[in-house]
Amino acid sequence: MPKPRVVLGVGGGIAAYKACEVLRRFSESGHDVTPVPTASALEFVGAPTWAALSGKPVASDVWSQVQEVPHVRIGQTADLVVVAPATADLLAKAAHGLADDLLTNTLLTARCPVVMAPAMHTEMWEHPATQANVATLRSRGIVVLEPAEGRLTGKDTGKGRLPEPVEIYEVAADVLARSRTGGATADLAGRRVLVSAGGTREYLDPVRFLGNRSSGRQGYALARAAVARGAQVTLVAANVDLPDPAGVSVVRVETTEQLRDAVVAGAKDADAVVMAAAPADFRPASFSDAKIKKLADGSAAPLELVQNPDILAAISHERARPGSVVVGFAAETGDATGSVLELGRAKLARKGCDLLVVNDVSGGAVFGSADNEAVILGADGASVEVPRAAKGVLAHAIWDQVATRL
Ligand code: CTP
């Protein structure tokens, strides 16, 4: 089978050097990559670098090898176009259909999925002109990643950083994989979704907490998959030690009460909320400012717990946004009162959500693992079995169910 053809457009910003790593990831994972840097990108990273990394001649104008008509052929034959970094100027040109060099011509002739990773100073990103261009591109089904926050070119920090190359690769490769298997690539375009991930910590004193085994991987896979389908994603992460997915706004929390506040605030303008986090059901009744000491007589320490708010039930029963879809997770082992699925059905009704993703955790295998399997139950009676596969596969199966209910 021929290798999938990826065009890597590179705009003229300081982050152009990071695109070398995006190129390397794609070629090492079996893609045929054609780099198309703009003339200004070549001011940052020269043509020999792109030629050496791709094994192809490099041009930024339409006047080289004209007999092969590259200004239409590259776009027409591409399976995916990724632009990283996309400057404000490039976004403007793409939104308005300008075509004054090889990359902008390629963007006009491509009929494959397009992923753009903007990087620029915060002021340029926030300018109404840029925001209008981004909205136009998104409305056409182009996946425009939200820039990351952090250090910019100079000493300043803010929104506008290019996401990490490996994360751009992950999202773009997912978009390509879905389009090649016939999956919808922009069915969440224009939608805002909120995903919670990780496990909360309930502090006893400044050094100790009650926690749980959730790694956050399933929630992060959900956030990544939603970005690849065009959604604007907020990820509320509780104590997760994973890199930020590209294009996602990450809100960090520690305790269940902080998680509740962040989820309730975000749910107000979210079309879908997926509660993949594992909030602690209980927290210590009081917090000791000083480290708790051992008891001199060796007796058992008293530990009084109080119940935490049930976030899923709260946002399901009182929808901040009418018509929004709420998804919960249930890790069950089955017991004398019922099987895993019977307990799942009962929980779905009790929580009042639209979908409940039921995991059988009898073996404890799911925690920290890259794989997962589950049954997605719908309040409408639906039941969809997702066999063991990478957590990204379950993530897309969940968004399939959400998308049909939006
Ligand atoms: N959840 C929540 N707030 C909590 C506890 C859980 O929003 N305080 C959410 C989880 O994110 C998950 C779902 O509820 O989506 C199921 O969590 P689970 O712990 O299985 O539910 P419980 O209410 O604890 O059910 P039970 O103790 O009866 O098994």
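Tabulated results
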read-out	value
Listed residue (Pro163, Val143, Met124) projecting farthest to the positive dipole end of the range 99-172, Cβ model	Val143
Surface accessible to a 1.4 Å probe, per residue, for the residues of the range 337-395, Å²	46
Asp156 versus Ile14: modelled label distance in nm, points set 7 Å from Cα along the beta carbon direction	1.1
Accessible area (Å², per residue) of the range 5-180, counting only protein heavy atoms and a probe of 1.4 Å	43
Whole-percent carbon and sulfur share, accessible surface of the chain, 1.4 Å	52
Inter-site label distance for Tyr203 and Ala184 at 7 Å from Cα along Cβ, in nm	4.3
Distance in nm between pseudo-label sites at Thr136 and Val166 (7 Å out along the Cβ direction from Cα)	3.7
Dipole magnitude of the chain about its Cα centre (Cβ charges: Lys, Arg +1; Asp, Glu -1), debye to nearest 20	260
Structure-based [θ]222 nm, the chain - -39500 (n - 2.57) summed over DSSP H runs of at least 4, per residue, nearest 500	-10500 deg cm²/dmol
Per-residue SASA entry for Lys268, accessible area with 1.4 Å probe, Å² rounded to 10	130
Residues Ala320 and Ala296, FRET efficiency given R0 of 56 Å [Cβ-Cβ distance, rounded to 0.05]	0.65
Cα-centred dipole magnitude for the range 222-331, charges only on beta-carbon of K, R (+1) and D, E (-1), debye, nearest 20	200
Theoretical FRET efficiency, 1/(1+(r/R0)^6), r = Cβ-Cβ of Ala52 and Glu342, R0 51 Å, to 0.05	0.25
Span-rule helices in the chain, defined as complete DSSP H runs reaching 18 Å or more along the axis (Cα) with Kyte mean at least 0.0	165-180, 391-405
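The values are calculated or read from the model by the stated rules, or taken from the named source; none is laboratory data. Please read all numbers here as calculations on a predicted model, not as lab measurements. In this analysis, Cβ positions are derived from the backbone assuming ideal geometry, glycine residues included, and neighbour counts consider all displayed protein chains. Remember, those area values only see protein heavy atoms, side chains included, never the ligands or the DNA or RNA. Shrake-Rupley method; radii C 1.70, N 1.55, O 1.52, S 1.80 Å.
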